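Asks: Structure in structure tokens, see below.
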Amino acid sequence: MKRRKFLKNSTLGSAAVLGVTPLVSCREAASPMPKPELLPGGPVAICTWDFKNATARAWEVLQEGGSALDAVEAGVMVEEADPGNQTVGLGGRPDRDGYVTLDACIMDSLGNCGSVMGLEGYVHAISVARKVMEQTPHVILVGEGASRFAREQGFPTRDLLTEASRQQWMEWKKNEDYQPVINIENHDTIGMLAMDADGALAGACTTSGLAYKMRGRVGDSPVIGAGLYVDPEVGGATATGLGEEVVRTVGSFLIVELMRQGKSPQEACEEGVRRILARKKGKPDFQIGFIALNTGGETGGYCIHPGFTYRQYDAQGHRNTPVSSYLKSSES
Ligand code: SD4
């Protein structure tokens, strides 16, 4: 049954691209259906930025027959464990008081979701968020409660502040200005969307948030509808960039709703960015990037400043896709 749904979605997706009336039933088809692996759609994983190890891991899970949910969790865990990525998990930049606090959320194809905000002392915030979804009657756990839950679930605790991030924080402290700007040099949150061979969708988003944020600050990444949204009938979207602006427009939910109204993932991401900018006067000095995936396997992305890309792994291969931007290089 699930498999049939995937085939139907893929057929609708390709029909939309070709501009022909979609075939809705296999029995009505005049010629035999093409082999599933030749259809667009199908297993696919995409993520914000060029995190090729993350999409490679997600693809591995999908190839082994794993679910989209398992794929997105395993994929983003790669970045959470990488101390070189200073915006996610281990090695994330701390808040202005020197604490590394993680935000993450996860959503499956049934609309189930889980989130942690301000989690301290645990590398894999995404797995704690998944446990919130699967093991509690709640959707969100924050701060001390989230950490206690992680401990009870048996997650190993660890100091997430690396020497490199501590040194940079000490440097930052010398400058008294608190400037919460996310530009093209200050990013790396990973949001990932995947569709498995059954056509089920899932998404995950994980971050240490805005560098040197006020203690207690939460951005868009763990907020369902803002940093991430998945609708099994339509598709999913996820965001990176200055979270305050994404929260104000409930960005990922907006993009999914725009796709529901018939926009392609690309058109929906462009409209999502335009909605944010409609409230701003002058040239925005912050970055926002959205990516989206629909149930036909089509993808898209859009951003404010040049430099944003997304990684995609599907039957056509593994590639980094540059994303067009609202501002051109000369304007940034
Ligand atoms: C936040 N959206 O906390 C996150 C930060 C981010 O790449 O995307 N960094 O606002």
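A short reminder: the numbers here are calculations on the coordinates, not readings from a lab. Keep in mind that what you see is a predicted model, and the values were worked out from it rather than measured. FYI the Cβ positions are ideal-geometry reconstructions off the backbone, even for glycines, and counts take in every protein chain you see.
Asks: Which parts of the stretch 260-296 would a label at Asn53 reach, counting a residue when its backbone N lies under 20 Å from a point 7 Å out along Cα-to-Cβ?
Replies: none
Asks: Between Lys280 and Asn112, what is the spin-label point distance in nm, taking each point 7 Å from the Cα along the Cα→C-beta axis?
Replies: Between Lys280 and Asn112, the simple spin-label model gives 3.7 nm.
Asks: Let me know the charge dipole size of the stretch 63-144 about its Cα centre in debye, to the nearest 20, where only the beta-carbon of Lys, Arg (+1) and Asp, Glu (-1) is charged.
Replies: On the way: 4 positive and 13 negative charges, 25 e Å.
Here the stretch 63-144 has a charge dipole of around 120 debye.
Asks: Let me know the shape class of the stretch 42-331, please: from the alpha-carbon gyration tensor, a ≥ b ≥ c as square roots of the eigenvalues, rounded when a/c is under 1.5, otherwise prolate if a/b is greater than b/c, or oblate.
Replies: Here the stretch 42-331 falls in the oblate category.
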